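Asks: First, the structure itself, so that you have it in front of you.
The values are calculated or read from the model by the stated rules, or taken from the named source; none is laboratory data. None of the values given here were measured: they were computed from a predicted structure. Reconstructed Cβ throughout: ideal geometry from the backbone, glycine too, with neighbour counts over all protein chains shown. SASA here: full protein model, heavy atoms, side chains in, ligands and nucleic acids out. Shrake-Rupley method; radii C 1.70, N 1.55, O 1.52, S 1.80 Å.
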Amino acid sequence: MTRTTLHEGWRLRADGGPAPDVLAGRDIPAQVPGSTHLDLMAAGLIPDPYLDSNEASLTWMHRVDWQYTTAFQTSAPGVDERVELVFDGIDTIATIALNGVVLGRTANMHRGYRFDVRDCLREGHNELTVTLAAALTYAEQAESQLGWRQRAYPHPYNAIRKMACSFGWDWGPDLQTAGIWKPVRLERWDTARLAQVRPLVTVDADGTGRVDVHLDVERAADRDYIAVVTVDGREERTAVSGNAAHVTVLVPDARLWWPVGYGEQPLYELTVTLLADAEPVDTDRRRIGFRTVAVDTEPDGTGTPFVFVVNGTRVFAKGANWIPDDHLLTRVTPERLARRIDQAVGANMNMLRIWGGGIYETDDFYAACDERGVLVWQDFPFACAFYAEEEPLRSEVEAEARENITRLVARPSLVLWNGNNENLPAYTDWEGWQEALDGRSWGLGYYTELLPALVTALDPTRPYAPGSPYSPGDLPPNDALYGTRHEWDVWNMLDYTHYRDHIPRFCAEFGFQGPPTWATLTRWIRDQPLTPTSPAFLLHQKAGDGNGKLDRGLAPHLPVPDDFEQWHWATQLNQARAVAFGVEHFRSWWPYTAGALVWQLNDCWPVTSWAAVDSDERPKPLYYALKHAFAPRLLTVQPRHGRPTLVAVNDHDQPWTGTVRAARQTLTGDLLATVEMPLDVAPRSVALLDLTDDLLTPVDPRSEVLTVAAGGIRVHHQFAEDRDLAYDPTPFTAEVTRVTGGYQVEVRATSYVRDLALLADKVAPDAVVDDMLVSLLAGETHTFTVRSAASLADSSALRHPRVLRSANAAARAEERPDKD
Ligand code: BMA
């Protein structure tokens with residue numbers, strides 16, 4: 001078997017549609033894997049679509065067809081030789097021709113294609129062309145054949161098997177990529193190849209690791225074929241008769257793979273070799289991990305839970321939803337993915353949900369999660385729409401599902417296949433949707449028949465859920481008592497304190513918007529003046545009434561500032577507060593509630609969104625709030641039996657014992673009441689502790705704070721909203737010191753200071769601070785460490801009020817203008 005990548009010498013040209021004159025008859029160098037936007041940017045023919053209002057000026061690209069061409073040298077096929085052209089992924093509507101002979105057409109970016117090229121391959125010079133029709137035009141035509149169906153956004157993304165958010169989303173640009181987005185190569189072989197390798201990796205009850213490798217072999221010649229499988233030095237082999245084989249390798253006392261926070265992630269090398277007359281002809285290598293996974297959905301007294309059980313251990317899923325990390329997908333490097341997943345782990349997350357409006361993630365993504373113990377929930381790519389169950393869509397859905405289930409089957413990090421995002425409540429709950437269907441198919445058969453049947457047949461090693469949210473039977477999918485739930489009334493309609501209105505069994509989506517970090521925002525949006533309603537800012541706010549919801553969500557807690565920079569901080573802080581409020585509520589109900597997945601970890605371009613990390617990879621204040629709220633040990637004050645109660649959450653395999661120290665004091669530091677009590681929380685559990693009346697009854701709610709601390713963890717409980725608190729607007733002094741690799745900023749509180757944040761990116765774009773949203777009692781100090789390669793001419797910039805922010809400043813903005 002020889003594999004030759006065909007990534008060199010590609011050229012791109014417009015091939016029809018409303019391309020500007022400058023492109024007429026012009027051939028430009030092209031990258032494969034890549035996409036038209038990136039090639040045109042590299043050639044200086046279009047501006048960066050993420051900058052300012054460029055997205056809107058590039059709508060002509062929605063309607064243009066493109067042609068990619070390359071030439072390569074090779075030899076003519078031998079008599080018994082097979083030669084195949086293999087595309088791992090084409091985006092999306094393509095006609096492929098070799099030396100002028102059409103090999104086939106493609107209409108699905110979520111799968112690969114293999115073409116037999118024996119009849120058209122030439123000795124010497126060969127020319128390969130991939131003609132890409134405009135995806136939007138195709139989708140519109142497909143929709144007119146399949147019949148109109150509801151969707152959450154204007155373009156018919158539900159009529160084409162292309163990443164749904166390609167067509168615009170409430171955080172994403174309306175730019176349809178086109179290109180050869182995954183590797184392409186020539187494969188030549190004359191004996192046989194491993195057409196499919198499907199290792200089912202499980203653990204027997206006695207702790208023996210079991211690897212059942214199912215093989216499909218494609219033969220060109222009649223030989224004596226043997227499949228050899230090795231795991232960690234243990235080898236098993238079997239003769240291959242026909243086109244399939246099954247080899248089992250047992251690994252006694254296999255070291256188990258655990259989610260992060262529960263143990264290690266040992267990975268074992270699995271090698272599958274196909275021998276023909278004792279000579280190796282094809283090999284497959286990968287890393288596997290031994291673990292079991294199930295979801296407990298057994299009905300209990302109240303409803304049905306949704307608890308991930310890994311190696312027999314019940315896990316509270318702490319995490320976030322994942323969207324494509326760059327709308328221009330082919331720019332996402334393995335290093336970028338690793339950084340993002342490191343950030344998730346850094347925020348104490350143990351799960352990422354790959355949301356159905358994006359893609360089946362890449363092998364690089366899964367490898368990074370396997371190595372770090374991040375559990376992955378993979379949606380099948382269906383989101384917020386009704387989907388036709390007829391041809392040609394149906395066969396594409398089946399083909400892509402088969403391919404991706406097989407591709408990902410041996411990944412220890414993958415713990416759930418999920419049918420779709422929100423399409424079930426779209427049918428039952430979304431106003432007018434079901435009625436407008438008029439009896440047409442809407443995708444239910446995919447989620448309840450086709451996809452679960454494929455998972456059962458190809459991957460019996462992990463659970464399947466029909467959708468998110470989901471409740472069994474005829475119950476409303478979003479019912480809090482059953483299965484998974486999405487909470488969107490908060491953000492859309494209600495104040496974030498309403499997170500407490502429901503106690504879901506598993507909250508798979510909830511979130512609140514905030515703008516990107518200042519450096520990211522001002523790099524990409526250069527409106528003068530920059531305001532929440534300036535044109536480019538608005539183009540980068542995709543949510544319906546997004547700014548209105550930001551302001552209405554802020555007003556009950558903090559004044560809504562007129563000044564943009566103050567507004568930026570206030571809305572970022574409110575985002576962080578809102579989501580942490582939800583996380584603490586959900587965690588406090590463990591084990592009844594078994595998961596909190598924030599919408600959303602990441603961004604795919606610079607935008608005001610629900611993300612914790614913006615598109616330039618900078619953590620927003622929310623990121624630090626999540627790091628605290630998802631910490632293994634958490635103290636939180638929650639209402640129980642009508643009064644504020646201390647909840648100690650111990651997501652750790654050791655008991656949490658010690659002394660809890662509670663104190664009510666004035667903002668200026670006068671102690672009014674103190675209580676000590678013993679703490680003893682069993683591993684992986686939650687304990688409730690009463691707070692005395694003395695602690696809970698302020699003399700003046702506006703000028704007092706209650707803190708409760710144990711083992712270096714402290715919760716701050718206020719008796720009034722920030723906007724009503726008698727904060728000192730200048731409650732601290734700060735000193736900056738240069739240290740190796742950056743700066744330290746020591747803050748000394750003269751009065752209570754809440755949610756200190758050092759917005760270091762305002763001073764140096766590369767600067768990252770170690771922590772944020774730190775609250776100090778009068779007299780306390782805290783040292784922030786800022787990592788940066790920058791050498792600041794005036795390091796006091798790091799303690800300037802526009803950089804060193806607090807809730808005090810947001811609450812008393814009118815007394816504390818940015819200018820000083
Ligand atoms: C949910 C998600 C996304 C959306 C988010 C914010 O519906 O599934 O579709 O971006 O809410 O509105």
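Asks: How far is the Cα center of region 502-540 from the Cα center of region 366-434, in Å?
Replies: 27 Å
Asks: So what's the net charge close to ASN421: Lys and Arg +1, Asp and Glu -1, counting the other residues with Cβ under 11 Å from its Cβ? Could you put the intermediate results ahead of the total?
Replies: Values: positive: ARG353; negative: ASP379, GLU422, GLU509.
In short, -2.
Asks: On to the next question. Given 25 °C and 0.890 mPa s, how large is the Stokes-Einstein diffusion coefficient of region 302-631 in µm²/s, with Rh as the Kirkwood radius over Cα pairs?
Replies: On the way: Rh = 20.4 Å.
In µm²/s, the coefficient rounds to 120.
Asks: With a Cα-only, solvent-free Debye model of region 124-202, what are the log10 I(q)/I(0) values at q = 0.15, 0.16 Å⁻¹?
Replies: -0.77, -0.80
Asks: Now, a different point. Taking every pair of alpha-carbon atoms in region 1-141, give the share separated by more than 22 Å as a whole percent. Working shown, then result.
Replies: On the way: 4156 of 9870 pairs.
The answer is 42 percent, as a whole percent.
Asks: Compute for region 64-128: radius of gyration divided by Kirkwood radius, i.e. Rg/Rh, restricted to C-alpha atoms, rounded to two decimals. Kindly include the intermediate steps, with their values, before the conclusion.
Replies: Details: Rg = 12.5 Å, Rh = 12.7 Å.
Value, to two decimals: 0.98.
Asks: Here's another thing I want to ask about it. List the residues, sorted by chain then number, that are 5 or more residues from ALA673 or on another chain and whose placed amide H is less than 5 Å from its amide H.
Replies: Amide H neighbours of ALA673, under 5 Å, 5+ apart: ARG664.
Asks: With the dipole of the chain worked out from charges on the C-beta (+1 for Lys and Arg, -1 for Asp and Glu) around the Cα centre, which of PHE586, CYS384, VAL217 lies farthest toward the positive end?
Replies: Result: PHE586.
Asks: Calculate one ³J(HN,Hα) per residue across region 571-587 by plugging θ = phi - 60° into the Karplus curve 6.51 cos²θ - 1.76 cosθ + 1.60, and present them in order as whole Hz with x for glycine and proline.
Replies: Those phi angles translate into 6, 5, 5, 5, 4, 4, 4, 4, 6, 4, 4, x, 4, 5, 4, 5, 5 Hz.
Asks: So what are the three principal axis dimensions of region 241-390 from its Cα atoms, in whole Å, longest to shortest?
Replies: 59, 42, 41
Asks: Only loop residues by DSSP count here, and only those with at most 12 other Cβ atoms within 10 Å; note down the GluC sites (Glu not before Pro) in region 228-300 that meet that.
Replies: Details: sites: GLU235, GLU236, GLU264, GLU269; in loops: GLU264.
Answer in residue order: GLU264.
Asks: Further, regarding this structure: Could you tell me the center-to-center distance, by alpha carbons, between region 1-59 and region 680-716 in angstrom?
Replies: 58 Å
Asks: What are the ³J(HN,Hα) couplings of region 726-732, residue after residue, when phi is run through the Karplus curve with 6.51, -1.76, 1.60 and θ = phi - 60°? Round to Hz, x for glycine and proline.
Replies: 7, 5, 6, x, 10, x, 7
Asks: Roughly how far apart, in whole Å, are the Cα centres of region 208-238 and region 142-163?
Replies: Going from one Cα centre to the other spans 43 Å.
Asks: Could you tell me the largest-minus-smallest coordinate of the C-alpha atoms of region 386-485 on each of the three principal axes, in descending order and whole angstroms?
Replies: Result for region 386-485: principal-axis Cα extents of 41, 37, 17 Å.
Asks: Helix 393-408 against the longest principal axis of the chain: what's the angle in degrees, Cα atoms only, rounded to the nearest 10?
Replies: Helix 393-408 sits at roughly 70 degrees to that axis.
Asks: After finding the eigenvalues of the alpha carbon gyration tensor for region 61-215, what semi-axes result from the square roots of 5 times each, listed largest first in whole Å? Before the final figure, lay out each step's value.
Replies: Values: eigenvalues 209, 164, 29 Å².
Each semi-axis is the square root of five times an eigenvalue, giving 32, 29, 12 Å.
Asks: Still on this model: Counting heavy atoms of the protein chains only and a 1.4 Å probe, report the per residue accessible area for the chain as a whole number of Å². Each step should come with its number before you reach the end.
Replies: Working: 29720 Å² over 820 residues.
Counting only protein heavy atoms, the per-residue value for the chain is 36 Å².
Asks: Let me ask another. Can you tell me the relative contact order of region 191-288? Whole percent, Cα pairs under 8 Å, sequence separation 6 or more. Working shown, then result.
Replies: On the way: 232 pairs, mean separation 28.3, N = 98.
Reported relative contact order: 29 percent.
Asks: Now for a separate question. Order of 27-33, 499-505 by packing, highest average Cβ count within 10 Å first? Let's see the in-between values first.
Replies: Numbers: 27-33: 18.0, 499-505: 20.3.
Ranked from most to least packed, the peptides come out as 499-505, 27-33.
Asks: Please report the antiparallel percentage of the DSSP beta bridges confined to the chain, to the nearest 5. Intermediate values should be presented prior to the final figure.
Replies: Working: 151 of 180 bridges.
Once the DSSP bridges in the chain are tallied, antiparallel ones form about 85 percent.
Asks: Put +1 on the Cβ of each Lys and Arg and -1 on the Cβ of each Asp and Glu in the chain; which of PRO801, VAL637, HIS782 then has its Cα farthest toward the positive end of the dipole?
Replies: HIS782
Asks: Another question about this same structure. Taking Rh as the Kirkwood radius, which is the inverse of the mean 1/r over Cα pairs, what is the Rg/Rh value for region 526-677? It would help to have the intermediate numbers written out before the result.
Replies: On the way: Rg = 18.9 Å, Rh = 18.1 Å.
Ratio of gyration radius to Kirkwood radius: 1.04.
Asks: Then there is this: Take every Cα pair under 8 Å in the chain that's 6+ residues apart, average their separations, divide by the length, and report that relative contact order as a whole percent.
Replies: Working: 1996 pairs, mean separation 72.4, N = 820.
Relative contact order, the chain: 9 percent.
Asks: Kirkwood Rh, region 732-815, all Cα pairs: how many Å? Walk me through the intermediate numbers first.
Replies: Details: mean 1/r = 0.0785 Å⁻¹.
Here the Kirkwood hydrodynamic radius works out to 12.7 Å.
Asks: Report Rg(Cα)/(2.2 N^0.38 Å) for the chain, keeping two decimals.
Replies: Its radius of gyration relative to the 2.2 N^0.38 Å reference: 1.01.
Asks: Let me ask you something else. How much net charge surrounds PRO477 when only the other residues with a Cβ under 12 Å from the Cβ of PRO477 are counted, with Lys and Arg +1 and Asp and Glu -1?
Replies: Numbers: positive: ARG485; negative: GLU422, ASP429, ASP474, ASP479.
Surrounding charge for PRO477 is -3.
Asks: Can you pick out the pairs among LYS182/LYS549; LYS162/LYS620; LYS182/LYS627 whose Cα atoms lie more than 32 Å from each other? It would help to have the intermediate numbers written out before the result.
Replies: Details: LYS182/LYS549 39 Å; LYS162/LYS620 30 Å; LYS182/LYS627 34 Å.
The answer is LYS182/LYS549; LYS182/LYS627.
Asks: Placing +1 on the Cβ of each Lys and Arg and -1 on the Cβ of each Asp and Glu in the chain, which of PHE115, GLY104, VAL736 has its Cα farthest towards the positive end of the resulting dipole?
Replies: With unit charges placed on the Cβ atoms, the residue in question is VAL736.
Asks: Another question, then. What 222 nm value per residue comes from the helices of the chain, counting each DSSP H run with n ≥ 4 as -39,500 (n - 2.57) and dividing by all residues, nearest 500 deg cm²/dmol?
Replies: Taken over the chain, the calculation gives -5000 deg cm²/dmol.
Asks: Still on this structure: To one decimal place, what orientation-averaged projected area in nm² is obtained for the convex hull of the Cα set of region 634-724? Show your work: numbers first, answer last.
Replies: On the way: hull surface 24.1 nm².
The orientation-averaged projected area of the Cα hull of region 634-724 comes to 6.0 nm².
Asks: Under unit Cβ charges (Lys, Arg +1; Asp, Glu -1), what dipole magnitude, rounded to 20 debye, does the chain have relative to its Cα centre? Show your work: numbers first, answer last.
Replies: Details: 77 positive and 113 negative charges, 184 e Å.
The calculation lands at about 880 debye.
Asks: Taking K and R as +1 and D and E as -1, what net charge do the other residues with C-beta under 15 Å from the C-beta of GLU218 add up to?
Replies: On the way: positive: ARG3, ARG82, ARG114, ARG118, ARG188, ARG193, ARG198, ARG219, ARG223; negative: ASP80, GLU81, GLU84, ASP116, GLU187, ASP190, ASP216, ASP222, ASP282, ASP284.
Computed value for this residue: -1.
Asks: What ³J(HN,Hα) values, in whole Hz, does the Karplus curve 6.51 cos²θ - 1.76 cosθ + 1.60 give for region 477-492 when θ = phi - 60°, with x put for Gly and Pro?
Replies: x, 9, 4, 5, 7, 10, x, 8, 9, 10, 10, 10, 5, 5, 6, 6
Asks: When the accessible area of the chain is computed with all protein chains present and a 1.4 Å probe, what percentage of it is carbon and sulfur?
Replies: Values: 14540 of 29720 Å².
Reported share for carbon and sulfur atoms: 49 percent.
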